[in-house]
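In what follows, a single structure is set out as structure tokens and then discussed.
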Amino acid sequence: MQIEKYYNDLNTLHINTEENRAYYMPCSDIENARKETNDRKQDLNGEWNFMYYTCIDDVPEDFKDGNTDGFDKIPVPSCWQTQGYDRHQYTNTRYPFPYNPPYVPYDNPCGAYVTHFESDNDYRKYLNFEGVDSCFYVWVNGEFVGYSQVSHSTSEFDITDKVKNGDNILCVLVFKWCDGSYLEDQDKFRMSGIFRDVYILNRPQKHIRDYKIETDIQGKINIELDSDTDVSFVLENEKGEIYSGDSKTITVEKPILWNAEYPYLYTLYLVTEDEVIREKIGFREIKIDDGIVFLNNKPIKMKGVNRHDSDPVTGYTISREQAEKDLKLMKQHNINALRTSHYPNAPWLMQLCDEYGFYVIAESDIEIHGTASFFGGSQAVTFGLLAQNSDWENAILDRVQRNVIRDKNRTSVCIWSLGNEGGYGVNFEKAGRWVKEYDSTRLTHYESSMWQMEGHINDTSMLDVESTMYADYKWIDKYFENPGEVVWHRVSLGKGSEYGGAGEWINLSESKLGKKEKEQMAVVKPYMQCEFIHAMGNGPGGIKEYIDRLYRYDGFFGAFAWEWCDHAIDMGDSKYFYGGDFGEYPNDGNFCVDGLVYPDRRPHTGLLEYKQAIKPFAIKSYSNIMVVENRYDFAELDDKLYFEVNGERMEFDVPPRGKKSFPRPNGDVVMVKAYQKSDTLWAKKGYEVGFEQLIVNDTVPKLETVNADGSFEVSEQGRNITIKGNNFEYIFDKSTGNFKKLSDAVTRPVEWNMWRAPTDNDRNIMRDWINADYHREQSYVYDCTYDVTDTVTIKCHNALIPVVQRKHMDIETVWTIYANGIVDMQSSVKVGENLPVIPRFGLRFFTKGENVKYYGYGPYESYSDKHLCTYLDEFNTTVSDMYEPYIKPQENGSHFGTRYVETENIRVSSDTPFSFSALHYTQEELTEKKHNFELEKCDDTVLCIDYKQNGIGQNSCGPLTQEEYRFDESEFEFKIRIEIK
Ligand code: IPT
């Protein structure tokens, strides 16, 4: 087929599209508007004719006339890759095609879509596409209608003149790539097609084209109209009508304000002769004062999450039910803010955010990350290529405008984001200035503004907030230490730069920077982490340290977890595929599997951890009182929650953001649980919002002294020391320094254990672990003696040394075996020099049985820096239940702070809390396999008893594991008691 190559043309972004406008849904009258019947909307979703071509050359000319010979059927909306066409590809930052802007490959896959629709009225007809990836051409009844792009934005065409009464043919040709794809390099599976709703709006000749509603907290509603007909207004609160008339300024006495905790909305009807538009609006005002973000004059905290449109079955196509499920789950987990990473969400989804109560950062459809991936390039050198190139100015501005204009009436939108990771330069500066001019009621954000390129001094004056991603908490401390004086300066790697490298702290008064630059840097803006706690695999660890700071610093107003859900493709039979599983190049492996929920929305333990970290209260215990902190910004604590303190119902009347003390019941451990007081859209009254376990006395009871009578028979043969008692027979192996037989309790010799299956957060340190051969440790025994009295004492000095390497661990152990079979182990361990942090250190037992009892942090997996969602208690569970099925297998299911653990035939205890895991998989198996469905169960129960494990951290895309959680001791004592049952 011959076609104009608009997809390669930066000067043709749209043809015949209507001017951008706010999203709305007109109805015939107020009754229909009230019921949301949308009776003026002609839904075109459904089964369309479809044909996939690898290149435009293969598309028949008469397709646009509706010839569908040989065509398949496809659901609209959908992504064609999820329907079996083309193939899946996951790439993060690297462009999936050669960088040759604005051109895309000649072989540019395309999908030809054909449907029919009926018409029987004289209304004007506006054809709407809410999302098509990446660009598309439209014909009605064989006539060319227009062209559009910007995947996640609405394109509207007036097709009135092309439509006839009766049957009409609509043909759409969608291309996989276009010049716009250079700006849509978001970290996601790359999918294509008509992935959001398609419909026609039947509208009277004269109608409202656009409107902008602004409210203030004194109750004023200001409506700016673009209409060629008269408009009157009806305003209702939840109880009924409070205004009707035609004034474009309406004032409501004592308005009920909107916030994320009380998302109160009024309904405004915009009434014209033959049409009514229903708009839900809230009264709220967001502003900055002295570096602090205020909503309705109260400082607020946004505890957020980054959300992509992603489903393992439907891809980018998300139904209302799917979206609502996400929002409900978020609210159930105390999340009150959303960043629409990295493109506008479906327009109706933003209405749901108004209703559920989310503070939204609405982001434009922009990411230009691939410019940082060239050989010899980097974020500091080539990142800003398109951001600075004037050829791209219109395209960037277009995307920012489409985002802002569409969602300008959404109460939930508090911040406009210019996009994600596109570098910085004049194009963004212009776009940012446009936003500020168009909408002075909201804040602006663009994280990438920190990238300053050679020869250009960034103007960031139109950006209201300072934003980083994945900054270390120490960085945040520094930011607030001396604001306006000590500032972070990120500069290019180019020559002549005063500071070099990716950035550093500079003292402005001592700096040689120019006056203009210094002035800009001295402005203290409120701060947020637009991405933090990268939730890939087992993690994130160390959330608390960030949330502590969110509440410590007034200027730190928000943090958004990366990211909401794991992206993967459902292959059936509980199999999920990720990058590389489709043989694609380039791919970024399982870097897309980095969500707080599994692809099917089962919560990860990371989500439970985040829920606890951001719960709307905090309780601390001092002498005989407990201080209850209300972390709601607007709600009285006892308006939202009731508590159970050691099972007894209590209410805490603490004002928003206040603290108050209450008497604390006696006892070493006090459990305080918080429940929702009434039903909400996302949970019933009585839903548990969070808990606080107050450990008043954390002394661990000493192990009891063993008094055992009985006799032993001890014999030595080669490497074996055999110890027989009344009811046991043990064999100690002098070549390993450990037991090879513990009656029938172990099926294999007990092993010294240092390896853990690397978690995704270990993906960097793992290289050091492998280079240090931590996975190849061998025991060498220097000396082993025993003595028999009323106990048998084995003293053993051994080392752990892998092939190739020198000594890693020097271990001196005293094993005391009592006549009743109890074994006490006491090891003094010295760690070799110049070694990476240690994954774990302990013993591994292969034992039998499914049932496990332990006293430690449970019931979920827990680690030194990841145990907020767990509490200290005795738990009865099973080996199968303790397994966490991460899509890419890795260390999982351990329990930190354990005092004892009991399988069906071994009990291990200590008066120094330890960590354990009991799984059906060895760490070798978990290391080796790429997907959970490939895992083979071990015949035995693999019981690992660890002195310690390294913290979990968030280094998959974030700082190193926080120092206090690193396993980097140079010497330590490890003490456990082993009992065979
Ligand atoms: C950052 C991106 O903004 C986000 O889209 C995602 O890729 C995330 O990290 C990683 O999962 S980019 C990173 C290089 C800081």
| remark: Shape call for region 905-957, from the Cα gyration tensor axes a ≥ b ≥ c (a/c under 1.5 means rounded, otherwise prolate when a/b beats b/c, else oblate), comes out oblate
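I need the peptides 366-377, 555-566 ranked by packing, meaning the mean over residues of other C-beta atoms within 10 angstrom, with the highest value on top.
Values: 366-377: 19.6, 555-566: 25.8.
The densest-packed peptide leads the list: 555-566, 366-377.
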| said: Given Cβ point charges of +1 (Lys, Arg) and -1 (Asp, Glu) and nothing else, what value in debye, to the nearest 20, does the dipole of the chain about its Cα centre take? | reply: 1880 debye
| task | With no solvent and one equal point scatterer placed on each C-alpha of region 712-839, evaluate the Debye formula and give log10 I(q)/I(0) for q = 0.09, 0.10 Å⁻¹, two decimals. | result | -0.31, -0.38
| query | Is the shape of region 375-425 rounded, prolate or oblate, going by the alpha carbon gyration tensor and its root eigenvalues a ≥ b ≥ c, with a/c under 1.5 for rounded and a/b larger than b/c for prolate? | reply | oblate
| request: Please give the helix 426-438 orientation as an angle from the longest Cα principal axis of the chain, in degrees from 0 to 90, rounded to the nearest 10. | output: 70 degrees
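Mean projection of the alpha-carbon convex hull of region 565-611 over all orientations, in nm²? Each step should come with its number before you reach the end.
Numbers: hull surface 13.6 nm².
Convex hull of Cα atoms, orientation-averaged projection: 3.4 nm².
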| request: For residue 771 paired with residue 512, estimate the spin-label separation in nm (one decimal), with each label point 7 Å from Cα along the Cα-to-Cβ line. | output: 3.5 nm
| request: Over the alpha-carbon set of region 208-285, work out the extent along each principal axis and list the three values in angstrom, largest first. | output: 38, 23, 19
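Counting only protein heavy atoms and using a 1.4 Å probe, what share of the accessible area of region 713-980 belongs to carbon plus sulfur, as a whole percent? Provide the component values of the computation, followed by the final result.
Numbers: 4520 of 10450 Å².
Looking at region 713-980 in its full context, I get 43 percent from C and S.
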| message | How large a share of the accessible area of region 618-695, in percent, is made up of carbon and sulfur atoms when the probe is 1.4 Å and the other protein chains stay in place? | response | 47 percent
| request: Based on the mean of other Cβ atoms within 10 Å per residue, sort peptides 742-749, 539-546 so the most packed one is first. | output: 539-546, 742-749
| request: Give a quick list of GluC sites (Glu not before Pro) in region 875-961 that DSSP marks as loop, anything other than H, G, I, E or B, with at most 14 other Cβ atoms within 10 Å. | output: 936
| What is the distance, in nm, between label points placed 7 Å from the Cα along the Cα-to-Cβ direction at residue 622 and at residue 683? | 2.9 nm
| Tensor-based shape of region 618-695 (alpha-carbon gyration tensor, a/c under 1.5 rounded, otherwise prolate or oblate) | oblate
| field | Histogram of C-alpha separations across region 236-326, 10 Å bin width, % | value | 12, 28, 29, 26, 5
| Debye-sum result for region 292-610 in log10 I(q)/I(0), which assumes one identical scatterer on each alpha carbon, at q = 0.07 Å⁻¹ | -0.28
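Quick check for you: with a 1.4 Å probe and neighbouring chains kept, what is the accessible area per residue of the chain, in Å²? Can you show the working numbers first?
Working: 36560 Å² over 981 residues.
Heavy-atom accessible area per residue stands at 37 Å².
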| query | Where the Cα atoms of the chain are projected onto their three principal axes, how long is each span, largest first, in whole Å? | reply | 104, 67, 62
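In µm²/s, what is D for region 122-190 at 25 °C and 0.890 mPa s, where D = kT/(6 pi eta Rh) by Stokes-Einstein and Rh is the Kirkwood radius from Cα pairs? Write out the running numbers ahead of the final one.
Values: Rh = 13.1 Å.
Rounded, D is 187 µm²/s.
Quick one: Cα convex hull volume of region 1-156, Å³ per residue? Mind dumping the intermediate values first?
Details: hull volume 24.2 nm³, N = 156.
Once divided by residue count, the hull of region 1-156 is 155 Å³.
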| query | In degrees, nearest 10, range 0 to 90: what is the angle between the Cα axis of helix 320-332 and the longest Cα principal axis of the chain? | reply | 50 degrees
| Dipole-positive endmost among 333, 666, 37 within the chain (Cβ charges, Cα centre) | 666
| query | Taking +1 at the Cβ of each Lys and Arg and -1 at the Cβ of each Asp and Glu, which of 165, 559, 368 sits farthest along the dipole of the chain towards its positive end, judged by Cα position relative to the Cα centre? | reply | 559
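Report Rg(Cα)/(2.2 N^0.38 Å) for region 713-980, keeping two decimals. Let's see the in-between values first.
Values: Rg = 18.0 Å, N = 268, 2.2 N^0.38 = 18.4 Å.
Scaled against compact globular proteins, the figure is 0.98.
Count neighbours as other Cβ atoms within 10 Å of each site's Cβ, and list the chymotrypsin sites (Phe, Trp or Tyr not before Pro) in region 938-968 that are DSSP loop with at most 15 such neighbours. Walk me through the numbers on the way to the answer.
Working: sites: 947, 965, 967; in loops: 967.
Sites meeting the loop and neighbour criteria: none at all.
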| Which of the GluC sites (Glu not before Pro) found in region 654-748 are in a DSSP loop and have at most 13 neighbouring Cβ atoms, other than their own, within 10 Å? | 704
| message | Viscosity 0.692 mPa s, temperature 37 °C: what is the translational diffusion coefficient of region 822-926 from Stokes-Einstein with a Kirkwood Rh over Cα pairs, rounded to a whole number of µm²/s? | response | 222 µm²/s
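Leaving ligands, DNA and RNA out of it, report the carbon-plus-sulfur percent of the accessible area of region 208-285 at a 1.4 Å probe. Walk me through the intermediate numbers first.
Working: 1470 of 3540 Å².
Of the solvent-accessible surface of region 208-285, carbon and sulfur hold 42 percent.
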| request: For region 534-659, list log₁₀ I(q)/I(0) at each q in 0.10, 0.12, 0.14, 0.22 Å⁻¹, using the Debye formula over Cα point scatterers of equal strength and ignoring solvent, two decimals each. | output: -0.48, -0.63, -0.77, -1.26
| query | Considering amide H positions built from the backbone, and no H for Pro or chain starts, which residues 5 or more places from residue 242, or on another chain, come under 5 Å of its amide H? | reply | 235, 236, 237
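The values are calculated or read from the model by the stated rules, or taken from the named source; none is laboratory data. Keep in mind that what you see is a predicted model, and the values were worked out from it rather than measured. Here the Cβ is made from the backbone with ideal geometry for all residues, glycine too, and neighbour counts use every protein chain on show. The protein model used for the area step is the full one, side chains on, heavy atoms only, and it has no ligands, DNA or RNA in it. Shrake-Rupley method; radii C 1.70, N 1.55, O 1.52, S 1.80 Å.
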